[in-house]
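Structure, as C-alpha cells:
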Amino acid sequence: MKDVKTVGIACLNLLLIFTGSVLCAMAIKGILIPKQFLAGGLTGLSLLIHYVYPSLPLGLIYFLLNIPLFVIGWVFVGRRFFFYSLAGVIIFSAVIFWPYPVFSIGDMVLSALAAGILTGVGSGIILKSLGSAGGLDILTVILFKKFSIRPGMFVLSFNGTLMILAILRIPMEMVLYTLIYLYVSTQFMNFVLIGLSQRKALMIISPKWEEISQEIMNRLQRGVTVVRGHGGYTRRELHILYTVITFTELSRFKEMIRKIDPEAFVVVTETLEVMGKRIGNQPHW
C-alpha cells in the first residue's frame with residue numbers, strides 16, 4: 001500500500017512538471033521566438049544564444065546551462081527536490097523540441113501578455129510539484145529557504161538586471177516588450193504558487209475581546225493569542241487578540257466582527273509564510 005502511494009505521488013508530481021513545462025514551451029515556441037522576444041533567467045540566456053547560433057537546439061542549450069546550477073543544488077536543496085528538478089530539466093528540455101502552433105496575435109503588447117500568462121501559470125504549476133524545471137527555480141528555492149525572498153520578486157529583480165544588459169544586444173523595443181512579459185509571468189507565478197493559500201495575520205482590539213476570541217475559535221476553528229496591553233492615551237488596560245486565518249476566511253471574519261463590535265480596531269496584514277500544522281502555508285521544498 002505504501003509503495004502504491006509513493007508511486008502515485010511521484011506520478012502526480014511528474015504530471016505537474018510535464019503540464020507546466022508544456023505551457024512554458026508553448027509560450028516560447030508559439031510567441032517568444034516568432035516575436036523575437038527574450039525571456040528571463042536561463043531560458044532568456046538560452047534564447048539569446050539560440051538567436052545568435054540558430055543551429056544550436058534550444059533544449060540542448062538549456063540543459064547544458066543547468067549543469068552548474070545542479071551542482072549548487074546538490075549542496076543546498078533537499079535530495080527529493082533535486083531529483084524531481086533533474087527530471088524536470090529533462091522533461092522541459094525534451095518538450096521544447098516539440099512543434100507548437102504560432103499564436104496569431106498581431107499586437108506586440110498582447111503577445112507579451114499572452115506569453116506572460118502562459119509562462120507564469122506554467123512555472124507556478126511546476127513549482128507546485130516537489131521539484132522544478134531547473135533554471136532560476138533552484139536559486140529561488142535556495143533564497144526562499146535561507147532568506148525568505150519571494151520567488152517572483154527574485155526572478156523579477158534578476159531579469160530586470162538581465163534586460164539592462166540585453167539592451168546592448170537587442171533593440172530597445174524588444175527589451176520593453178520582454179519586460180512586460182516578465183512582469184506578467186512573475187505575477188501569475190506568484191498567484192498560482194501562493195494564490196488563495198495566502199494567510200492573513202490579524203490584530204483585534206475590542207472591549208468585547210472574550211466574545212470575539214470565542215467566535216474565532218468556535219466558528220473559524222482558528223487559534224487565538226491574547227496579549228495584555230494598555231492604551232497610550234487612555235492608559236487603560238486592554239487585550240489584543242492575534243490570529244492567523246486564510247484569505248478565503250477573511251470576509252466571514254469581517255462580518256463576525258461587525259456583528260459583535262462594529263467599533264473594534266482591526267489590523268489585517270499579509271504574511272510572507274506561515275509555519276504550523278493547521279494553518280501553515282510554507283512551501284514543501
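Quick one: would you say Ile105 is of a type in the set (A, V, I, L, M, F, W, C) and either under 26 Å from Asn66 (Cβ atoms) or part of a helix (DSSP H, G or I) (or both)?
Working: of a type in the set (A, V, I, L, M, F, W, C): yes; either under 26 Å from Asn66 (Cβ atoms) or part of a helix (DSSP H, G or I) (or both): no.
Taking the combined requirement at face value, the residue does not satisfy it.
For the range 235-260, which residues satisfy the criterion of being of a type in the set (A, V, I, L, M) and in a strand (DSSP E or B)? Break it down into steps so the answer makes sense when it comes.
So the first thing to find is which residues in the range 235-260 are of a type in the set (A, V, I, L, M), and the list is 238, 240-241, 244-245, 250, 256-257, 260.
The answer is Leu238, Ile240, Leu241, Val244, Ile245.
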Inset, instruction - Quickly run through the range 199-216 and pick out the residues that are over 18 Å from Thr269 (Cα atoms), assigned to a helix (DSSP H, G or I) and touching a strand residue (DSSP E or B) at 6+ places or on another chain (Cβ under 9 Å). - result: Trp209, Glu210, Ile212, Ser213
Legend entry - Checklist (1) in contact with a helix residue (DSSP H, G or I) (Cβ under 7 Å, 6 or more places away or on another chain); (2) modelled with pLDDT under 75 applied to Lys145, failing item: (1)
Inset, instruction - Select, from Gly232, Gly223, the only residue that is small (Gly, Ala, Ser) and touching a residue at least 12 places away in the same chain (Cβ under 8 Å). - result: Gly223
Inset, instruction - Evaluate the range 19-31: report whether one residue or more is without any contact (Cβ under 8 Å) to a residue 40 or more places away in the chain and over 17 Å from Leu182 (Cβ atoms). - result: no
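Does Arg222 qualify as being loosely packed, with under 14 Cβ neighbours inside 10 Å and over 26 Å from Phe81 (Cα atoms)? Walk me through it before giving the result.
On the way: loosely packed, with under 14 Cβ neighbours inside 10 Å: no; over 26 Å from Phe81 (Cα atoms): yes.
No: the conditions fail for Arg222.
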Inset, instruction - With respect to Ser132, determine if the residue is touching a helix residue (DSSP H, G or I) at 6+ places or on another chain (Cβ under 7 Å), outside the structural domain of Phe18 (by TED's automatic domain parsing) and either without any contact (Cβ under 8 Å) to a residue 60 or more places away in the chain or on the phi < 0 side of the Ramachandran plot (or both). - result: no
Inset, instruction - Could you check Ser185 against (1) modelled with pLDDT of 85 or more; (2) not assigned by TED's automatic domain parsing to the domain that holds Thr161 and say which number it fails? - result: (2)
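The values are calculated or read from the model by the stated rules, or taken from the named source; none is laboratory data. Please read these numbers as outputs of a predicted model, since none were measured by experiment. With ideal geometry, Cβ positions are generated from the backbone for all residues, glycine too; neighbour counts draw on all protein chains shown.
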